[in-house]
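To keep things clear, I will list the structure first and then write my remarks on it.
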Amino acid sequence: MNDAPLLIRAYRATDLPELRRITVESFGSVALEQMLEHKFGVWNTRDWKARKADHIDDDVVACAEGCFVAEREGELMGYVTIRLDRLNGKGRIPNLAVVEAARGLGLGRRLIMHAIDFMREEGMKIAQIETMASNAIGQHLYPSCGFEEVGRQVHYALKL
Ligand SMILES: CC(C)(COP(=O)(O)OP(=O)(O)OC[C@H]1O[C@@H](n2cnc3c(N)ncnc32)[C@H](O)[C@@H]1OP(=O)(O)O)[C@@H](O)C(=O)NCCC(=O)NCCS
């Protein structure tokens, strides 16, 4: 195991291709986009990986200053993205991932706590995060970081 420190730093535009790669690699079984593909197949010649990776582009366009990456010896090991709704004082974590090789070491928790600190510093009063019912890790990790369950959502889709 590599004992070099894992540092969390601000996102840089040059990180984007690697964040897209980590996203596709990490979200395999837990992405709603993949569930849509399982149910309805591929449409518009764009698969779930292309759509899911695009979510990260959207995050950095919406709030680049709220994107943070975890790095070990120059290698990206994970990231967290944040959106800020300043009018309503609400922050949200739309995406979070840690590469398989670095999981279970507390990095996901560190990224979440970093995001919470950032939202607090930015004056947010509420922080939100969601997870799929099938994501057992999220349902363990988020409450253990202080998040409380407030509601459940069901996703529907119709092929047109
Ligand atoms: C979610 C994710 C970011 C967590 O990263 P990580 O670095 O492994 O997280 P941590 O090591 O900080 O914590 C993982 C926690 O989940 C627990 N855990 C691991 N497998 C679990 C399982 N199958 N069921 C329940 N809890 C589990 C660990 O024990 C640990 O909890 P602990 O600190 O109380 O012991 C990572 O698993 C990931 O990238 N998953 C795929 C993408 C994803 O699901 N993103 C979030 C979308 S909502």
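The values are calculated or read from the model by the stated rules, or taken from the named source; none is laboratory data. Please read all numbers here as calculations on a predicted model, not as lab measurements. Cβ: placed from backbone, ideal geometry, glycine included. Neighbour counts: every protein chain shown.
Points worth noting:
- Tally, over the range 98-116, of residues that are under 16 Å from Phe27 (Cβ atoms) and touching a helix residue (DSSP H, G or I) at 6+ places or on another chain (Cβ under 8 Å): 4
- Of all residues making up the range 15-48, the number that are of a type in the set (Lys, Arg) and either closer than 24 Å to Gln139 by Cβ or within 11 Å of the ligand (Cβ to nearest atom) (or both): 1
- Residue list for the range 118-151, restricted to those being small (Gly, Ala, Ser) and more than 13 Å from the chain's Cα centre (by Cα): Gly123, Ala127, Ala133, Ser134, Ala136, Ser144, Gly146, Gly151
- Flag if Glu25 is in contact (Cβ under 8 Å) with a residue 24 or more places away in the chain, over 30 Å from Leu158 (Cβ atoms) and acidic (Asp, Glu): no
- Note on the range 118-160: residues that are away from the ligand (no atom under 13 Å from the Cβ) and either more than 29 Å from Trp43 (Cα to Cα) or surrounded by fewer than 10 Cβ atoms within 10 Å (Cβ to Cβ) (or both) total 21.
- Restricting Ala115, Ala64 to those that are more than 16 Å from the ligand (Cβ to nearest atom), within 14 Å of the chain's Cα centre (by Cα) and closer than 30 Å to Asp3 by Cα reduces the list to Ala64.
- Check on Ala62, at pLDDT 95 or above and touching a Gly at 6+ places or on another chain (Cβ under 7 Å): no
- Those residues of the range 90-130 which are assigned to a loop (DSSP other than H, G, I, E, B) and free of Cβ contacts under 8 Å to residues at least 60 places away in the same chain, in sequence order: Arg103, Gly104, Gly106, Glu122, Gly123, Met124, Lys125, Glu130
- Residues of the range 94-112 that turn out to be within 7 Å of the ligand (Cβ to nearest atom) and surrounded by fewer than 16 Cβ atoms within 10 Å (Cβ to Cβ), as a count: 5
- None of Glu33, Glu71 is of a type outside the set (S, T, N, Q) and in contact (Cβ under 8 Å) with a residue 60 or more places away in the chain except Glu71.
- In the range 14-73, residue farthest from Leu160 (Cα to Cα) [restricted to those that are polar (S, T, N, Q) and part of a loop (DSSP other than H, G, I, E, B)]: Ser29
- Pairs are defined by a Cβ separation below 8 Å, a sequence spacing of at least 6 or placement on different chains, a first member in the range 147-160 that is under 15 Å from Asn135 (Cα atoms), and a second member that is part of a loop (DSSP other than H, G, I, E, B); the pairs so defined are Arg152/Ala133; Gln153/Glu130.
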